[in-house]
Amino acid sequence: STRPDTIEAERLDLLRDFPVTTIELGVQSMNDEVLALCRRGHSAACSRRAITILRRYAYNLGVQMMVGLPGQGGADALHTGREIALLKPDFVRIYPLLVLDGSPLATWYRGGRYQPLGLDQAVELTSELYRLFIAHGIRVIRMGLQPTTELNPGVGVLAGPFHPAFGELVQAAV
């Protein structure tokens, strides 16, 4: 798993001698304004370029996207989903953005600069994305984050649509 702006043919040539079969890109959004606001360090063009380069190699290609990013509305998340679907990754992971205690986003949240999606909103939006990817023959291998000791409401997660069975909630909505 890596950022789109780290993908270069020279690096992939080095990986050929290792048992790497899958590469996932943390695309998150295809909206440059959202990516800049979130300080992702890459653009939508970087993601397109990385996927083009990766398609020349025999890797399974995964794409991670997020819903509920600062500056991102539901229509923008669906636009990102459509853009990703056109790039035809082998699989996708969809994560709702969570506010983690101690993060810069926590400061925005506490200051009223960022409001995360509610659980129902996140489930509804993710279910639309799930349908979109399935309709394009793209597997969705995860929706939501795996709960851990450090990642639970009240322990690490300050705010946002966290649920230990988020993917099941989406499946039920679909």
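The values are calculated or read from the model by the stated rules, or taken from the named source; none is laboratory data. Keep in mind that what you see is a predicted model, and the values were worked out from it rather than measured. Cβ: placed from backbone, ideal geometry, glycine included. Neighbour counts: every protein chain shown. Quick note on the areas: whole protein, heavy atoms, side chains included, nothing else; ligands and nucleic acids left out. Shrake-Rupley method; radii C 1.70, N 1.55, O 1.52, S 1.80 Å.
Numerical summary
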quantity	calculated
Sparsely packed trypsin sites (Lys or Arg not before Pro) within the range 12-95, loop by DSSP, other Cβ within 10 Å at most 16	R16, R39, R56
Two-site label geometry, E168 and R16: point separation in nm, points 7 Å out along Cα→Cβ	4.6
Residue-averaged 222 nm ellipticity for the chain, from DSSP H runs of 4+ at -39500 (n - 2.57), nearest 500	-12000 deg cm²/dmol
Share of alpha-carbon pairs per 10 Å distance bin for the chain, given as whole %	10, 37, 35, 16, 2
Alpha carbon Rg of the range 96-174, scaled by the compact-globule rule 2.2 N^0.38 Å	1.18
Charge dipole of the chain about the Cα centre (unit charges at C-beta), most positive-ward option of A165, N60, S103	N60
Binned Cα-Cα distances of the range 43-82, short to long, each 10 Å bin given as a whole percent	25, 46, 24, 4
Top of S127, S47, S103 by mean-square fluctuation, Gaussian network on the chain, Cα under 10 Å	S103
Residues with amide H under 5 Å from that of V140, placed H, sequence gap 5 or more	V92
Solvent-accessible area of I134 with every protein chain in place, 1.4 Å probe, in Å² to the nearest 10	80
Check: the range 51-174 dipole with +1 on Lys, Arg Cβ and -1 on Asp, Glu Cβ, in debye	440
R110-A45 FRET efficiency (beta carbon distance; Förster radius 30 Å; 0.05 resolution)	0.35
Where labels lie 7 Å past Cα in the beta-carbon direction, separation of R139 and V155 in nm	3.1
Accessible area of L78 in the full protein assembly, 1.4 Å probe (Å², nearest 10)	40
V20 accessible area, assembled protein chains, probe 1.4 Å, Å²	50
For the range 80-170, share of DSSP beta bridges that run antiparallel, in % to the nearest 5	35
